[in-house]
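The values are calculated or read from the model by the stated rules, or taken from the named source; none is laboratory data. From a predicted model like this one, the values you see are computed outputs, not experimental measurements. Using ideal geometry, Cβ is built from the backbone for each residue, glycine included, and neighbour counts are taken over all protein chains shown.
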Amino acid sequence: MNVFIGCSSSQNISAEYLKVAKSVAQKLAALQLDLVFGAASTSMMGECYRAFENNNVEAVTVKTYEDDLKNLPQAKSYLEKNTFCRLDRIYQLSDVFVILPGGVGTLTELISILEELRTSKDPKLLIIYNYRGFFDKILNLFTDLKNQGFISQELNNYYQVVDNENKIIELIKENYNERN
């Protein structure tokens, strides 16, 4: 099973987030899942890559910039012409999506995956790790949009919000067991 991890590649964030990414990635890699990610060797993404590499499981990168791939020699790579193609490839390659704290790229991934799940009705699992309330504002925005009638209440059916790493693992194991 392939797990996509969406998270920051910024080198300007607190080391606390690097620890979170490393810990989550180590637990996912221990399940012998293969990693799909955005192909950065820095910051949270780099921690995820190294955790999977250390567990000898496959890492698949999907990127729009060829220079980013040179620091990821062990990863199987797809180079896409733009972010729309990149997001489609990520979606097609992944069975489970785990969204960790991140910036615009991570939010783009979250919203794109959510919309694809909603319109395609795929039985894929989207998990938002709301570490220390990181995603509270966007989750509140979803609630406001639902309350104003811009989006349906069923949107909640397409994602799970968790506030601890162990719940991520539980959900993935449950999802895997349901598929097999």
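Within the stretch 129-162, the set of residues being over 15 Å from the mean Cα position of the chain (by Cα) and either closer than 23 Å to Ser23 by Cα or among the β-branched types (Val, Ile, Thr) (or both) comprises Arg132, Gly133, Asp136, Ile138, Thr143, Ile151.
Residues in the stretch 1-57 that are in contact with a Phe, Trp or Tyr (Cβ under 9 Å, 6 or more places away or on another chain), among the hydroxyl-bearing types (Ser, Thr, Tyr) and free of Cβ contacts under 8 Å to residues at least 40 places away in the same chain: Ser41, Ser43, Tyr49.
If you take the residues in the stretch 130-144 that are touching a strand residue (DSSP E or B) at 6+ places or on another chain (Cβ under 8 Å) and hydrophobic (A, V, I, L, M, F, W, C), which one is surrounded by the fewest Cβ atoms within 10 Å (Cβ to Cβ)? That would be Leu139.
In the list Ile90, Ile99, Ile113, which residue meets the criterion of being within 23 Å of Ile172 (Cβ to Cβ), modelled with pLDDT of 95 or more and touching an Asp or Glu at 6+ places or on another chain (Cβ under 9 Å)? Spell out how you get there, then give the answer.
Working: Ile90 fails: modelled with pLDDT of 95 or more; Ile113 fails: touching an Asp or Glu at 6+ places or on another chain (Cβ under 9 Å).
Going through Ile90, Ile99, Ile113 in turn, the sole match is Ile99.
For Asn130, the conditions (1) touching an Asp or Glu at 6+ places or on another chain (Cβ under 6 Å); (2) without any contact (Cβ under 8 Å) to a residue 24 or more places away in the chain are fulfilled apart from (2).
The residues of the stretch 136-160 that are part of a loop (DSSP other than H, G, I, E, B) and over 19 Å from Leu171 (Cβ atoms), listed by number, are Gln148, Gly149, Phe150, Ile151, Ser152.
Select from the stretch 91-135 the residues that are in a helix (DSSP H, G or I), basic (Lys, Arg) and either at negative phi or in contact with a Lys or Arg (Cβ under 8 Å, 6 or more places away or on another chain) (or both) and list them in ascending order.
Of the residues in the stretch 91-135, the ones in a helix (DSSP H, G or I) are 91-93, 104-120, 131-133.
The next check asks that each one be basic (Lys, Arg); those that pass are 118, 132.
Result: Arg118, single match.
Condition test on Asp163, is it modelled with pLDDT of 95 or more and touching a Phe, Trp or Tyr at 6+ places or on another chain (Cβ under 9 Å)? Here the answer is yes, as Asp163 does meet what is asked.
With the condition being modelled with pLDDT of 90 or more and not hydroxyl-bearing (Ser, Thr, Tyr), I'd like the strands (runs of 3 or more DSSP E) fully within the stretch 1-81 carrying at least 2 qualifying residues. Full working, then the answer.
On the way: elements: 2-6, 34-37, 59-63, 76-79.
Passing ranges, in order: 2-6.
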